[in-house]
Amino acid sequence: MSRQKQSSKRKRLSSAGFTMIEVMVSIGILTVGLLGVAMLLGTTIASGTRARYMNMANVLASEKLDNLTKWPSSGTACAQSDPNICAGGSLTGPATCASTDIYCDQITVNEASGTNYETQTQKVPDPANPGNFKDQTTTIVHTNTGCIDTPANCGVPNPAAGGSTFTRRWLITTDPTIKSAGATATVTGLRRITVVVTLNSKAGPPVSFQMSMVRP
């Protein structure tokens, strides 16, 4: 009789389901697991976004460096401190180009379906005030049909407000010091052009990409 009572008691306990403590423990374990997955997804998304911004910065640095190397190495323009030719500039500064910083421009990138916009604000000589510079803003669009021109010429609307604004700064130095085969030498008659592109992104740490070239 005693054995029958114990057997009946075990059957009642097994059919009673989980206890409250077991349920709370299970919920705790599940919550920790979900939090870990959420953190992993957040890190992955942030890393992917930053990698995309780094790629943009790489392209913008290459474009600027290519443009600067096409200018002549000397001329009367240096008497006017032409930022495309003359030695000067700095690779550090505020997030926004100062009104007197002619070795700095800003590019706002807007991405739309099949269309990418680059709006550049740069300093150009002011004909009305010789020796001074003024801001000039130009928008170039890249469409998936291969058109690279102004929005009007490509038949697309102007970019929407917003976008990611990159700051480009460049430094031009003459007679640079070059290291080769373990030796260091100063080369007279050459220029080193260094471009740095930065972005203060909300997706993670600030983005910074630097590129340089030595040319006559």
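The values are calculated or read from the model by the stated rules, or taken from the named source; none is laboratory data. Because the structure is a prediction, the values reported are computed rather than measured. No Cβ is skipped: glycine too gets one built from the backbone with ideal geometry, and neighbour counts run over all protein chains shown.
All but one of (1) touching a residue at least 40 places away in the same chain (Cβ under 8 Å); (2) out of contact with any Ser or Thr (no Cβ under 9 Å at 6 or more places or on another chain) hold for residue 145; state the number of the condition that does not hold.
(1)
I need every pair where a residue in the stretch 191-212 that is within 11 Å of residue 166 (Cβ to Cβ) and of a type in the set (S, T, N, Q) has its Cβ under 9 Å from the Cβ of a residue that is at pLDDT below 95 and surrounded by fewer than 17 Cβ atoms within 10 Å (Cβ to Cβ), sequence separation at least 6 or different chains.
198/95; 198/206; 198/208; 200/95; 200/165; 200/206; 201/49; 208/54
Looking only at the stretch 149-195, count every residue that is surrounded by fewer than 16 Cβ atoms within 10 Å (Cβ to Cβ) and aliphatic (A, V, I, L, M) and tell me the total.
Adding up the residues that qualify gives 9.
Would it be correct to say that residue 156 is farther than 17 Å from residue 61 by Cβ and either in contact with a helix residue (DSSP H, G or I) (Cβ under 9 Å, 6 or more places away or on another chain) or outside any strand (DSSP E or B) (or both)?
The answer is yes for residue 156.
Quick check: is even one residue across the stretch 86-93 buried (at least 18 other Cβ atoms within 10 Å of the Cβ) and in a strand (DSSP E or B)?
The answer is yes, given that some residue of the stretch 86-93 is buried (at least 18 other Cβ atoms within 10 Å of the Cβ) and in a strand (DSSP E or B).
In the stretch 174-216, how many residues are assigned to a strand (DSSP E or B), under 29 Å from the mean Cα position of the chain (by Cα), charged (D, E, K, R) and more than 15 Å from residue 64 (Cα to Cα)?
Number of matching residues: 1.
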